[in-house]
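Only one structure is covered here, and it is reproduced in the block below.
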Amino acid sequence: MRWILLFALLLTAGSCSRPSGPLDFNALRGEFIYGTLALSPVSATAAGYHRHQDRNLDEQLDDLSAAGLDRQRRYWRDWQKRFAQIDQQTLDAEDRADLSLMQNQVESALLELDEIRSWQHNPTLYVELLGHALFTPFSIEYAPAPDRWRHIIARLQAAPALLAAARANLNGVPGVWARVAREENEGNIRLAGSTLRDAVPQDLRPAFDQAVEPALAAMHEFAQFLDQLPDAGPDSWRLGPEKYEKKFKLAMGGTRTVEQSLQEAEQDLRAFRKRMFDIALPLHNRYFPNERPRVDLNLIVGRVLDRIAENRPTRASYFADARKTLDETRAFLNANPDQLLTPPTRDNLELIETPEFMRGIYGVGGFSTAPALQPELGAFYWLTPIPDAWSEERAQSKLREYNDYALRILTIHEAIPGHYVQFEYANQIQPESRRLLRALFGNGVYIEGWAMYSTEAMLDAGYLNGSPELRLTFLKQMLRAIANAILDIRLHTKSMSREDAMALMLTQTFQEQEEAAAKWQRAQLSSCQLPTYYAGYREFLNLRSELEKQPGFSRRDFHERALHAGALPMRTLAELLGVNSPTP
């Protein structure tokens with residue numbers, strides 16, 4: 001799972017000018033990118049955009065006051081009008097693809113602002129914004145350390161105003177969102193009051209101390225505010241059919257409807273379970289040669305998965321084992337470019353612990369790309385550690401889920417040749433404004449679809465010598481992706497209960513209790529993101545199937561062409577690669 005620049009999408013404010021004369025689409029694209037980033041300073045820093053006109057964006061936070069939200073609406077509506085006036089027949093295919101990305105961003109932002117209204121109901125939005133505002137200058141070396149510490153100090157000074165805006169905006173908060181916000185707010189308190197305080201240079205300590213105390217007081221006040229917020233009700237986190245349909249259409253790039261996706265997922269759930277049984281049965285006979293149990297899919301597959309999970313990290317070795325898998329996948333890609341793709345020339349990937357303020361939704365891990373405008377800086381593969389406070393039972397549940405094979409699958413997905421390789425390829429797109437647009441505002445179905453598809457491509461290329469245990473583990477991950485789609489749709493549109501959700505995960509898709517509990521929380525915190533994995537995987541397969549009909553097809557060429565295009569909606573990608581539609 002990749003952290004997308006949510007704040008640039010959802011929380012911007014300002015206005016855009018209207019140049020006269022013939023359309024210069026490259027200039028228009030640049031105006032959209034830099035104008036939007038300038039209006040979301042936290043996203044701008046993460047993207048590597050540091051100054052806009054006379055403003056130092058690294059010293060500022062996003063304006064989420066009532067006035068800021070009003071400016072935001074005017075900004076997006078102005079772009080909406082401008083885009084509607086463009087004659088698309090005058091654009092080439094690549095520019096039309098870029099226009100569709102920008103239009104999608106505008107429509108998504110207005111839907112969020114006016115109908116979904118997370119700014120009014122979701123406190124994690126403010127907590128995570130503040131966390132990123134402080135963590136990015138601490139962890140990304142985009143400027144000399146003294147300058148970045150001054151940026152941290154300036155943002156600490158701005159933190160009370162941000163949290164005051166949050167208190168003014170929020171009402172009717174779902175209980176689960178308030179609870180997670182409290183937990184992540186505690187992470188921000190530890191980040192500012194301990195991690196940053198311990199690391200600040202001595203000559204800047206007085207300025208830091210003067211800024212951090214009011215910021216910490218505001219964070220503690222916000223925690224008390226969250227405790228006092230009325231619960232909006234047990235089902236208030238559900239988006240509902242009407243809003244979900246609108247958001248889903250934008251997230252999917254218009255390739256499928258909600259009902260179509262649900263039907264596909266429920267059909268594939270049965271098909272993938274059958275594939276797992278076909279692999280598990282000979283493994284069961286090998287593991288248990290003297291037993292011939294009844295032919296029961298859940299029993300056979302479950303016993304084999306339990307046996308596979310015996311090979312797992314310990315609490316102490318979890319991160320070290322992940323690093324080994326990263327080295328292993330990197331070496332395999334380097335040795336097998338003909339079956340996969342040419343490895344990126346740069347390697348600036350680092351494995352780190354998931355920041356505390358993001359662990360509410362990133363319970364396992366994720367990927368944070370290098371700044372789009374400074375791609376030579378660090379990219380991060382996040383791995384969420386097992387808390388010391390967890391019981392041994394909870395810890396072992398997670399370690400069984402992320403055993404030696406599953407940890408490899410996770411590393412492929414998040415890093416090589418998944419998200420990290422994906423974004424390194426995208427960094428080669430020209431012109432620069434197109435590269436930035438597709439990196440900053442890329443389509444989630446493409447992004448997560450590649451990570452799922454490329455995992456299977458690694459196995460097809462012979463990674464780990466064609467291990468059936470690894471293949472079975474991948475199919476379990478595919479079951480999880482399918483379940484993600486079913487959960488998201490049924491939870492937000494059909495009032496699926498917690499009991500039914502847990503039964504789907506624990507019984508039908510063989511997930512561990514700890515994994516299922518974390519997914520239940522994540523499903524309440526987000527909407528229309530969980531289905532992107534399964535939808536993207538299907539569309540990459542469908543697109544490859546169409547291209548295989550053309551003379552001279554090679555998987556390596558397909559992979560490289562798809563990645564060189566950047567994160568476009570899959571329908572648009574198919575058109576650029578010479579296929580009318582990636583869906584059957």
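Here are a few things to note about the model shown:
A quick yes/no check of all residues on (1) touching a residue at least 40 places away in the same chain (Cβ under 8 Å); (2) surrounded by 23 or more Cβ atoms within 10 Å (Cβ to Cβ); (3) closer than 25 Å to residue 349 by Cα:
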{"position": "121", "(1), (2), (3)": "yes, no, no"}
{"position": "137", "(1), (2), (3)": "yes, yes, yes"}
{"position": "144", "(1), (2), (3)": "no, no, yes"}
{"position": "182", "(1), (2), (3)": "yes, no, no"}
{"position": "192", "(1), (2), (3)": "yes, yes, no"}
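- Index of the failed condition, residue 237 passing every other in (1) touching a Leu at 6+ places or on another chain (Cβ under 9 Å); (2) in a helix (DSSP H, G or I): (2)
- Count of residues meeting criterion [basic (Lys, Arg) and loosely packed, with under 12 Cβ neighbours inside 10 Å] in region 242-269: 0
- Residues located in region 45-66, provided they are assigned to a helix (DSSP H, G or I) and free of Cβ contacts under 8 Å to residues at least 24 places away in the same chain: 57
- A search for C-beta distances below 6 Å between a residue of region 74-102 that is assigned by TED's automatic domain parsing to the domain that holds residue 445 and any residue that is in a helix (DSSP H, G or I), counting only pairs 6+ apart in sequence or on different chains, returns nothing.
- Restricting region 324-371 to residues that are at pLDDT below 95 and aliphatic (A, V, I, L, M), the residue that is surrounded by the fewest Cβ atoms within 10 Å (Cβ to Cβ) is 352.
- Among the residues of region 471-496, those identified as in a helix (DSSP H, G or I) and aliphatic (A, V, I, L, M) are 472, 475, 478, 479, 481, 482, 483, 485, 486, 487, 489, 491.
- Of all the numbered requirements in (1) closer than 18 Å to residue 505 by Cα; (2) surrounded by 19 or more Cβ atoms within 10 Å (Cβ to Cβ); (3) charged (D, E, K, R), residue 312 misses one, and that requirement is (1).
Results for (1) closer than 23 Å to residue 397 by Cβ; (2) modelled with pLDDT under 95; (3) not assigned by TED's automatic domain parsing to the domain that holds residue 399, shown as yes or no for each residue.
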residue	(1), (2), (3)
284	yes, no, yes
292	no, yes, yes
295	no, yes, yes
301	yes, no, yes
310	yes, no, no
313	yes, no, no
318	yes, no, no
322	yes, no, no
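Residues are listed down the side, and each one gets a yes or a no for (1) outside the structural domain of residue 394 (by TED's automatic domain parsing); (2) under 15 Å from residue 363 (Cα atoms); (3) crowded, with 16+ Cβ neighbours inside 10 Å:
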| position | (1), (2), (3) |
| --- | --- |
| 503 | no, no, no |
| 522 | no, yes, yes |
| 525 | no, yes, yes |
| 535 | no, no, yes |
| 538 | no, no, yes |
| 542 | no, no, yes |
| 551 | no, no, no |
| 564 | no, no, no |
| 567 | no, no, yes |
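- The listed residues are 119, 177, 149, and the only one of them that is in a helix (DSSP H, G or I) and either modelled with pLDDT under 95 or farther than 29 Å from residue 33 by Cβ (or both) turns out to be 177.
- Residues of region 53-92 that are modelled with pLDDT under 95 and either buried (at least 24 other Cβ atoms within 10 Å of the Cβ) or touching a Phe, Trp or Tyr at 6+ places or on another chain (Cβ under 7 Å) (or both): 72 alone.
The values are calculated or read from the model by the stated rules, or taken from the named source; none is laboratory data. All of these numbers come straight from a predicted model, not from anything done at the bench. Heads up, the Cβs are rebuilt from the backbone with ideal geometry, glycines too, and the neighbour counts pull from every protein chain shown.
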